[in-house]
1. Starting from residues that are part of a loop (DSSP other than H, G, I, E, B) and of a type in the set (Gly, Ala, Ser), keep the ones in the stretch 49-65 and report whichever is nearest to Thr131 (Cα to Cα).
2. For the stretch 6-26, give me the residue count where each residue is surrounded by 19 or more Cβ atoms within 10 Å (Cβ to Cβ) and either part of a helix (DSSP H, G or I) or small (Gly, Ala, Ser) (or both).
3. Sort out which residues of the stretch 112-151 are farther than 16 Å from Leu68 by Cβ and of a type in the set (Asp, Glu), and write them in order of number.
4. In the stretch 66-82, what residues are touching a residue at least 24 places away in the same chain (Cβ under 8 Å) and either outside any loop (DSSP other than H, G, I, E, B) or of a type in the set (A, V, I, L, M, F, W, C) (or both)?
5. Looking at the stretch 38-50, is at least one residue of a type outside the set (Lys, Arg), out of contact with any strand residue (DSSP E or B) (no Cβ under 9 Å at 6 or more places or on another chain) and either surrounded by fewer than 16 Cβ atoms within 10 Å (Cβ to Cβ) or in contact (Cβ under 8 Å) with a residue 60 or more places away in the chain (or both)?
6. How about the stretch 71-96: which of its residues are at pLDDT below 90 and surrounded by 22 or more Cβ atoms within 10 Å (Cβ to Cβ)?
7. Would you please name the residue that is nearest to Gly16 (Cα to Cα), looking only at residues in the stretch 141-150 that are surrounded by 14 or more Cβ atoms within 10 Å (Cβ to Cβ) and not aliphatic (A, V, I, L, M)?
8. With the checklist (1) surrounded by 22 or more Cβ atoms within 10 Å (Cβ to Cβ); (2) farther than 18 Å from Val125 by Cβ; (3) among the small types (Gly, Ala, Ser) in hand, flag the one item Ala35 doesn't pass.
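The values are calculated or read from the model by the stated rules, or taken from the named source; none is laboratory data. What you see is a predicted model; the values in this text were computed from it and never measured. Because the Cβ atoms are built from the backbone with ideal geometry, glycine has one as well, and the counts that use them run over all protein chains shown.
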Amino acid sequence: MLSEIYQKKCLVLGCGNPLIGDDGFGPEVIRRLEAEEALPEAAACLDVGTSIRDILFDFILSETKPELMIIVDAMAVAGADPGEIFEIEIADISPAKVCDFSLHQFPTTNMLKELQDQTDIEVRVFVVQTTDLPSMVSAGLSPPVMAAVPDMCRRIRVLIQNRFAGTASEGTV
């Protein structure tokens, strides 16, 4: 499956560590999208955990690139309620994040900017407002963040189906 992602027109990448409470939102969204099997053939989902940098670096160097890359993660957004979902600009990604090698750290945000600015890949970033993240291992999402999973899946499905419904998965930009 991993080699197939380089042939897809759309990639949905779920970021986060499911052992750190609500930080596991991205992987849970990917799990749910895969279980529903409701995406067009042009799309692939991948739980990248805390390895987003490796994947982004591969796509910076790859000759074949998707048309659309959707990043799903959890973060604290000032003034938001737990479980609230947002689309944010790459420039708005907060550098504060609990886990190492996350979407929110400087090298990763630079790679996202490079993908967006120097390739034809459209990069979209969807996040959920977290409750307080635990300081120690604590698996499982809080109730408001778990309740946001179906809404995020629906939002991603609609975006992908509107753009790629009826398209073949072969081909690249």
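1. Among residues in the stretch 49-65 that are part of a loop (DSSP other than H, G, I, E, B) and of a type in the set (Gly, Ala, Ser), the one nearest to Thr131 (Cα to Cα) is Ser51.
2. Residues meeting the conditions: 8.
3. Glu114, Asp132, Asp151
4. Leu68, Met69, Ile70, Ile71, Val72, Asp73, Ala74, Met75, Ala76, Val77, Ala80
5. Yes, the stretch 38-50 contains a residue that is of a type outside the set (Lys, Arg), out of contact with any strand residue (DSSP E or B) (no Cβ under 9 Å at 6 or more places or on another chain) and either surrounded by fewer than 16 Cβ atoms within 10 Å (Cβ to Cβ) or in contact (Cβ under 8 Å) with a residue 60 or more places away in the chain (or both).
6. If the condition is that a residue be at pLDDT below 90 and surrounded by 22 or more Cβ atoms within 10 Å (Cβ to Cβ), then Met75, Ile93 are the ones that fit.
7. Ser142
8. With (1) surrounded by 22 or more Cβ atoms within 10 Å (Cβ to Cβ); (2) farther than 18 Å from Val125 by Cβ; (3) among the small types (Gly, Ala, Ser) applied to Ala35, the lone miss is (1).
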